[in-house]
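Right, one structure below, let's go through it.
Every number here is computed from the coordinates shown, using simple stated rules; none is lab data. Being a predicted model, the structure only gives us computed values, none of them experimental. Neighbour counts run over all protein chains shown; Cβ positions are idealised from the backbone, glycine included.
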Amino acid sequence: MEPTEMNESRDLPPTANGEQLTSLLGKNVADKTAKKKSEYLEKEITYPKSVAFIVGNEFCERFTFYGMKAILSLYLHQILNYDRNTSTIIYHIFIMVSYFFPLFGAILADSFIGKFKTIFYLSIIYALGNALLAFASTPYFGLPMRSFSLLGLLLIAIGAGGIKPCVSAFGGDQFKLPAQEQQLQQFFSLFYFSINAGSLIATYLTPTLRYDVHCFHTDSCYPLAFGVPAIIMLIATAVFVFGKRFYVIKKPEGNIVVDVMKCIYRALVNKASGKCDRRAHWLDYADDKFDRALIEDIKSVLRVLLLFIPLPFFWALFDQQGSRWTFQATQMNGSLGWLGTIKPEQMQIVNPFLVLSMIPLFEGIIYPIFNKMNALNKPLQKMVVGGMLISVSFVISGVIELKLEDSYAVLPGKGEGQIRVFNGLNCPVNLHSYNSSLLDARIDSLKALQLQHFPVINSLNYDVNIEISCNKSSQVLRRRIRAEESVSLSYLIVEKNESNNNFYPVPGHDRVQKSKNSNPIVRILYSVSESTELTLSNAEITETLLLESDNISIPVKELSGESPNFKVYVAGKLLEEITLNAGGVYSLLLVETNGHYKLRLITITEANNVHILWQIPQYVIVTAAEIMFSITGLQFAFTQAPEAMKSVLTAAWLLTTSLGNCIVILIARIGLESRANEFFLFAGLMVFVMGLFTLLAVRYTYVNINSSKQHLVTSKLDVDNKNTMNGSES
């Protein structure tokens, strides 16, 4: 209600004549109505100029957050050299903090310095964090990369989290209600569009900058991928400040969340003291300081918050799209042929894209069909189905993981080593050992014996006889093979100096593990009579290596580029074309016999042979789960709580996201050996939690809370919180 409306009765002069009162009242009301109508028309025509700055700021801020977040888990693993488990933990700590600080941002804005100053100050912290992260990822500056990167992430979490509840509310302050109610709804539609546009563009662009641009002598460019969002955040802050003279800036009016916490604290203290008379409800013990309306509203909120119990588990699964699912994508084949390659982190685009397309599908087709069957016609029913669906999505990801495990590197574990013997001769050889039957084997020409689980404690030497029958002549070499625990070693049999066959240990340890960014890895094993050059060339890169005649190997090379087809040139002549697929680890065996070169590619670790598009089903199902569980759940909570408690539920909602990421951290700390088992564990936990939720839901009695502004709140809700579920909320 406007101030003039509240004071209207006080402005009427006193009179004892009924007709005069009626006449005067009628004239006064008519004048007021005409004035109001004129004001409303004027306000409907005049759209707040400040909106352009707020929407522009939101687009840039969401671009920054999602651009950085899309590549964060891979940066932690590939550049900062944390293992995948630790990278997952750090990633979810960052998300947890980002969704914990909105509570403090809201309190700071509503109780102390106001929304404008809160957004401005925290945006500066936000921008500093992005700049620090960009500089820390740049080797040129020589900063301690881990320390400064983590400090940058902390500043980003504080800034992004702190402004999260403020920007949309500040935008709403720019409109006068009810005159500009329609414009307000249009603003939230535009606001929602800017959120998704910023996140979608950034999630596609920053992985491209990371992968396709090479800088500082590396095959990626994280400084550029982080630097662009950092610059965009500076632009966001500048855009926001430039609009100051157009803003409606309201003074802090207090924060209901603080009042709720004070009331609960007062009730607990009074109840614990035992000095008060017995009350019907424990919250009633706060009635000595807080009014009855607030206490009853808090009771209503607590009844709804009881149904928030499964939310952290939902977020625990949902937010792994940026960590576990992204790491899973790095083990898959993203090649689309002439269309290019899908980067692992770009799969995160699928969810927000599907949200935009599937919401109309559910609202216009799926829900009406089920309503006709008298099913899924209550919010809690939809939430139960949504929770089960996200469990199914993790079952699918677990099944995919089981398939991927077939192509994972087999690493030598405790109590075992690995031995590889490569035959570079043009005839087969036979190995025989009196110490180990595992070394009794026949090795065909240009092939290898690979013993991936050779039992050994510390290290042992094994005497072997190598029987060679080439060119109708026989030869037996007596050599020694060494095996070391948790180490992979190789040996090469080649012809040197005109039929003088020999057996050589290959220098160093074998590289078995795949590259962190799934580039193919190749090691050259060779025998040449004279030093020459070997060139590997595809459509994007050319790598030339010197083959020295007195050596037998060249250490592993990690080859970048999207094309897997490489031409092999020796001494400038094309010898053969080979295929080095993403994620594969290979040994390229090259031998010269009588002036002729022979080539054989031997696979050490299988390439990524499951296509990345097999992740689409789990993304489709997780999106359906989001719509049915998360969006429905938020709308349910807001319709079941008093109008004054909306901000309390918003704070609680964001805190459940923070708690969900804490669950991921705890399970990651357990360190299950099989990632598939971890996916199945999360799926099982969600089914268990949804069972408990079902018991709560069947006992819940729906309430009808009427509000003259409910339709406006729902409209605002759709924009502010619909993408809180996938993070696209400011």
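What is the helix-to-structure angle for 675-698, meaning the angle in degrees between its Cα long axis and the longest Cα principal axis of the chain, kept from 0 to 90 and rounded to the nearest 10?
Between helix and principal axis, roughly 20 degrees.
Under 14 Å from the Cβ of G129, count the other residues' Cβ atoms, weight Lys and Arg +1, Asp and Glu -1, and hand me the total.
Within the 14 Å Cβ shell, the charges total 0.
Short version: ³J(HN,Hα) in whole Hz for each residue of region 356-368, in order, from phi by Karplus 6.51 cos²θ - 1.76 cosθ + 1.60 (θ = phi - 60°), x for Gly and Pro, what are they?
After applying 6.51 cos²θ - 1.76 cosθ + 1.60, I find 5, 8, 8, 4, x, 4, 5, 6, x, 10, 5, 4, x Hz.
So, R0 is 51 Å and r is the distance between the beta-carbons of V269 and L681; what FRET efficiency does that work out to, to 0.05?
Once the sixth-power term is evaluated, E becomes 0.80.
From the Cα trace of region 47-254, what convex hull volume per residue do you get, rounded to a whole Å³?
Spread over its residues, the Cα hull of region 47-254 gives 111 Å³ apiece.
Subtract the Cα-Cα distance of K598 and D288 from 0.36 nm times their separation in residues, and report this length gain in nm to one decimal.
Difference between extended and current length: 102.3 nm.
How do the peptides 537-548, 108-119, 388-399 rank, highest first, by the average count of neighbouring beta carbon atoms within 10 Å per residue?
Taking the mean over residues of other Cβ atoms within 10 Å, the ranking is 388-399, 108-119, 537-548.
With a 10 Å Cβ neighbour count serving as the proxy for reagent exposure, in which order, fewest first, do Y211, Y434 appear?
Fewest to most other Cβ atoms nearby, the residues stand as Y434, Y211.
In this model, which of K299/K646; K343/K573; K403/K557 are farther than 25 Å apart at the alpha-carbon?
From K299/K646; K343/K573; K403/K557, over 25 Å: K343/K573; K403/K557.
Along the Cα-to-Cβ line of A539, 7 Å from the Cα, sits a label point; which residues in region 330-366 have backbone N less than 16 Å from it?
Those under the cut-off are 334-343.
Rounded to the nearest 0.05, what FRET efficiency is calculated for A375 and E673 with R0 set to 51 Å and r the Cβ-Cβ distance?
Given R0 = 51 Å and the Cβ-Cβ separation, E is 0.80.
What nm value, rounded to one decimal, do you get for the distance between T701 and D440 when each label is placed 7 Å out toward the C-beta?
It is 8.2 nm.
What is the distance, in nm, between label points placed 7 Å from the Cα along the Cα-to-Cβ direction at V248 and at L411?
5.9
Between beta-carbons, use under 14 Å as the cut-off and find the net charge around I369, counting Lys and Arg +1, Asp and Glu -1.
That works out to +1.
Taking a threshold of 19 Å on the Cα-Cα distance, which of the pairs K49/K164; K69/K164; K115/K176 fall above it?
K49/K164
Just to be sure I understand the model, the point goes 7 Å from the Cα along the line to the Cβ. What's the resulting V487 to L339 distance in nm?
A separation of 4.7 nm, rounded to one decimal place.
To check my understanding: the extent here is largest minus smallest coordinate of the Cα atoms along each principal axis. What are those three numbers for the chain, in Å, largest first?
Per principal axis, max minus min of the Cα coordinates gives 135, 55, 52 Å.
Hey, what angle do you get for helix 379-405 against the long axis of the chain, alpha-carbon based, 0 to 90 degrees rounded to 10?
With both axes taken from Cα atoms, the answer is about 10 degrees.
Assuming R0 = 56 Å, can you tell me the calculated FRET efficiency for the pair E577 and F141, based on Cβ-Cβ distance, to the nearest 0.05?
Given R0 = 56 Å and the Cβ-Cβ separation, E is 0.85.
Cysteines without a disulfide-compatible partner in the chain, using Cβ under 4.7 Å as the rule?
C60, C166, C263, C276, C662
Output the relative contact order of the chain, whole-number percent, from Cα pairs under 8 angstrom with separation of 6+ residues.
This gives 17 percent for the chain.
Which shape class applies to region 513-607: rounded if a/c is under 1.5, otherwise prolate when a/b exceeds b/c and oblate if not, where a ≥ b ≥ c are the square roots of the Cα gyration tensor eigenvalues?
Since a/c reaches 1.5 and a/b is larger than b/c, the shape of region 513-607 is classed as prolate.
To the nearest 500 deg cm²/dmol, what mean residue ellipticity at 222 nm is calculated for the chain from DSSP H runs of n ≥ 4 alone, each contributing -39,500 (n - 2.57), summed and divided by the residues?
Calculated from helices alone, the mean residue ellipticity at 222 nm is -16000 deg cm²/dmol.
Could you let me know the centre-to-centre spacing of region 296-334 and region 47-94, using Cα atoms, in angstrom?
Using only Cα atoms to place each centre, the spacing works out to 18 Å.
Net charge within 14 Å of R279 by Cβ-Cβ distance, Lys/Arg positive one each and Asp/Glu negative one each, not counting R279 itself?
Here the count lands on +2.
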